[in-house]
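The values are calculated or read from the model by the stated rules, or taken from the named source; none is laboratory data. Remember, it's a predicted structure, so these values are computed and weren't measured experimentally. Note: ideal-geometry Cβ built from the backbone for every residue, glycine included; neighbour counts use all protein chains shown. Side chains included, ligands, DNA and RNA excluded: accessible areas come from the protein's heavy atoms. Shrake-Rupley method; radii C 1.70, N 1.55, O 1.52, S 1.80 Å.
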Amino acid sequence: MAIGWQFWLGLLGCSFALTPRESPSRELKELNGLWSFRADQSANRNQGFEEGWYKRPLRETGPVIDMPVPASYNDISQDHKLRDFIGWVWYEKEVWMPKHWTSPNAGMRIVLHVGSANYYSVVWVNGAEVAFHEGGHLPFEADITKVIQNSPSHQYRITIAVNNTLTPYTLPPGTIQYMTDTKRYPPGYFVQLTQFDFFNYAGIHRPVLLYTTPNVYIDDLTVVTDFQDDVGIVNYKISVQESAHYSLSLKLYDQNGQVVASITDGPPVGQLKLRKPALWWPYLMHEQPAYLYNLEVCMKSKNGSISYEDIYTLPVGIRKVQVTKTQFLINGKPFYFHGVNKHEDSDIRGKGLDWSVIIKDFNLLRWLGANSFRTSHYPYAEEIMDLCDKYGIVVIDECPGVGIKDPLSFGNKSLAHHLTVMEELVRRDKNRPSVVMWSVANEPASGLPEANHYFKTLISSTKAMDPTRPVTFVTDTSYDSDKAVQYTDVICVNSYFSWYHDSGHLEVIQLQLNDQFENWYNKFQKPIIQSEYGADTIAGLHSDPPVMFSEEYQKAVMQEYFMVFDERRKDYLIGELIWNFADFLTAQSTKRVDGNKKGIFTRQRQPKSSALILRDRYWKLANGTK
Ligand code: GCB
């Protein structure tokens, strides 16, 4: 029995380039808040499409409930069927449009932007389909001008159907397994199997926005920065849509609002230069970290008697990144990643964007003395990335290539989709100074022969899209069987000595970790990051001598790792990222008690005692006293 998603495969998605921002030429309206919601509980999950729920108000199709946006729907209601629901759910909001947007002569475009919805999404406005997108964790857009301006009214119905069904070809991959033994399972029983260790939260996870641009508009802007001696360089490339006749002016403002470089009537590809630039430095690497200039681009275009003007302002950090055999250099200086792995995860809202949780997490990161994180295991919200740029938190930007284990997921269909996702990610985050490296996957079965071609293609295409940043993926395969690390710039390796292997035996850690590092380095001569290590820990559980799951055991594991880190740091180790920043929810299993407990903070962001020893270490590393 199908569950209704196949129909949509193969339709084109629509992605976007510039983060929506207000400006004198652009208006923005958030559609967050309460939406009407209905899960399609029919056996084939296709009733909504068969009955055309998008054609009329959702409340007229059957019972609806209130659902907050953004939020995962799973932990909101008291209905266990909704918590673990797989298939299509339907969201709907009736929206008022400002009158001056809706006139056919308004001279403006209206764009609907969805920050992310997991996994497939179909969007209608007043029953007309305007977008289809595959993939959670990345934004997509639809130009809805025609639908709005062809049926001027004040209120419009926006319907979004979202489906969390995974296949061997999605990112992350998954499979649906039907259980047909009627003695053991009720009719129609199926489960979704995945190979990743976080709860497959679903719904509209990030803000839904409407914004306007003039009919002729700035569609994309790329900056690549550099500096030589005391001259800062901002190379730019601008793309304008809907007219070939336009003029461009650029102004680079410093933080005092002074123009420090400008071009009037400039070309779409060019360069701004400024003397004595304030460089963008990571947090704790400089007394004035994360310096951001504002690049204002003004486009003017005339079509007969109609003039268009579009203004877009982009924060720009001037910095450069290089990798040698043993070092990661930011602005020519060795950078050591002392950071964390995170998840977008918290009580009740699941993966839904929440400003309070975001700011709390940044406060904790800075308290901890962390200078970096990896977006394990998928791209995080644009709002989070903006703050990394602003606070100087360095990011390894990972795509949702997690749990790629089945040989089926290494075929051309998967590869083509993976390339599309990397393109969407690079397009979204290419201008961010905080992003210093792309990670194309986490712990794929990189020992399979198929992994060679797959990662060669994926990594070389990513480098072709962005020649300015190193590319990696995170491996847990042994150095002697891995087929893909040869294509990376930096080796990122995960290991859980004395946890998943030799459980309870702290005395093996130093030997095994040292061996791990030496083997990888001797084979590939590339710098190494310990991209995960840690131990599950129940906050408040104590034991001396330390035993597994106690706070003492987590600390002891970390201290054993630190001993080796401090030796290898002298040669090629360029970073350590604890698994994990905070406890997070996973699927239910005998290995997990209410989720993964490897956080140094609880899910409610309270410190375990490990947070204090990590804090002590990170501040000493930052101050060069370690
Ligand atoms: C890993 C995975 C991560 C898991 C972690 C664990 O290697 O990359 O997603 O959560 O181990 O705790 O098992």
_Debye, to nearest 20: dipole size of the chain, +1 on Lys, Arg Cβ, -1 on Asp, Glu Cβ_ = 740 debye
*asked:* Over 24 Å apart: what share of the alpha carbon pairs of the stretch 362-485 falls there, rounded to a whole percent?
replied: 29 percent
_Rounded accessible area of Asp594 (nearest 10 Å², 1.4 Å probe)_ = 110 Å²
*Does the stretch 434-557 come out rounded, prolate or oblate by the C-alpha gyration tensor, with a ≥ b ≥ c the root eigenvalues, rounded set by a/c under 1.5 and, if not, prolate when a/b is larger than b/c and oblate if not?*
prolate
*For Cys298, tell me the accessible area in Å² from a 1.4 Å probe, rounded to the nearest 10.*
20 Å²
_Calculate log10 I(q)/I(0) of the stretch 323-362 for q = 0.27 Å⁻¹, where I(q) comes from the Debye formula with a single equal point scatterer on each Cα and nothing for solvent._
-0.91
*From largest to smallest, what semi-axes in whole angstrom does the stretch 210-260 give when each is the square root of 5 times an eigenvalue of its alpha carbon gyration tensor?*
27, 14, 10
*Stokes-Einstein D for the chain at 37 °C, 0.692 mPa s, Kirkwood Rh over Cα pairs, in µm²/s?*
127 µm²/s
*Just need the relative contact order of the chain here, percent rounded to a whole number, with Cα pairs under 8 Å and 6+ apart.*
12 percent
_Exceeding the 20 Å Cα-Cα cut-off - candidates Lys237/Lys430; Lys325/Lys463; Lys146/Lys302_ = Lys146/Lys302
*Using the Karplus curve 6.51 cos²θ - 1.76 cosθ + 1.60 with θ = phi - 60°, work out ³J(HN,Hα) for each residue of the stretch 540-548 in order, rounded to whole Hz, and write x for Gly and Pro.*
x, 8, 10, 7, 9, x, x, 10, 3
*Please list the equivalent ellipsoid semi-axes of the stretch 499-626, computed as the square roots of five times the alpha-carbon gyration tensor eigenvalues, in descending order and whole angstrom.*
25, 17, 14
*Quick one: Karplus J couplings for the stretch 108-124, per residue in order, coefficients 6.51, -1.76, 1.60, θ = phi - 60°, nearest Hz, x for Gly and Pro?*
9, 9, 10, 10, 9, 10, 10, x, 4, 9, 10, 10, 8, 9, 10, 10, 10
*Tell me, what does the Kirkwood hydrodynamic radius of the stretch 211-353 come to in angstroms if you use every pair of distinct C-alpha atoms?*
17.7 Å
*Identify all lysines with a Cα-Cα distance to Lys555 below 24 Å; exclude those on the same chain that are fewer than 8 residues away in sequence.*
Lys342, Lys360, Lys570, Lys591, Lys597, Lys598, Lys608, Lys620, Lys626
*Amide H neighbours of Phe473 under 5 Å, counting only residues 5+ apart in sequence or on other chains, H built in-plane at 1.01 Å?*
Val440, Cys492
*Heavy-atom accessible area ranking, 1.4 Å probe, most first, across Leu448, Leu541*: Leu541, Leu448
*Heavy-atom accessible area ranking, 1.4 Å probe, most first, across Asp397, Asp386*: Asp386, Asp397
_Bridge type composition, the chain - antiparallel percent by DSSP, nearest 5_ = 75 percent
*Provide the per-residue ³J(HN,Hα) series for the stretch 342-354, in order, calculated from phi with Karplus coefficients 6.51, -1.76, 1.60 and θ = phi - 60°, each as a whole number of Hz, with x at glycine and proline positions.*
10, 9, 7, 6, 7, 3, 6, 7, x, 9, x, 5, 9
*How much accessible area per residue does the chain have, in Å², with a 1.4 Å probe?*
39 Å²
*Could you work out the relative contact order of the stretch 58-137, using alpha carbon pairs under 8 angstrom and six or more residues apart, expressed as a whole percent?*
15 percent
*aspartates and glutamates within cross-link reach of Lys405: Cα-Cα under 17 Å, excluding same-chain residues under 8 positions apart?*
Asp197, Glu443, Glu450, Asp476, Asp482
*How much accessible surface does Thr264 have with a 1.4 Å probe, in Å² rounded to 10?*
110 Å²
*Taking the Cα centre of each part, how many Å lie between the stretch 130-170 and the stretch 536-586?*
43 Å
*As a check on your grasp of the helix formula, calculate [θ] at 222 nm for the chain: sum -39500 (n - 2.57) over DSSP H runs of n ≥ 4, divide by the residue count, round to the nearest 500.*
-6000 deg cm²/dmol
*When DSSP assigns beta bridges and you keep just the ones with both residues in the stretch 458-608, what percent turn out antiparallel, to the nearest 5?*
20 percent
*Over the stretch 555-626, what lengths in whole Å, largest first, do the semi-axes of the equivalent ellipsoid take, defined as the square roots of 5 times the eigenvalues of the alpha-carbon gyration tensor?*
27, 14, 9
*the stretch 269-369: trypsin sites (Lys or Arg not before Pro) in DSSP loop, at most 11 other beta carbons within 10 Å*: Lys325
_Cα-projected label distance for Phe190 with Arg59, points at 7 Å along beta-carbon direction, nm_ = 3.3 nm
*Take the alpha carbon gyration tensor of the stretch 127-259, find the square roots of its eigenvalues, order them as a ≥ b ≥ c, and report rounded if a/c is under 1.5; if not, report prolate when a/b exceeds b/c, else oblate.*
oblate
*Roll a 1.4 angstrom probe over the protein heavy atoms and tell me the percent of accessible area of the stretch 191-276 that is carbon or sulfur.*
44 percent
_Residue order for His154, His113 - accessible surface, 1.4 angstrom probe, largest first_ = His154, His113
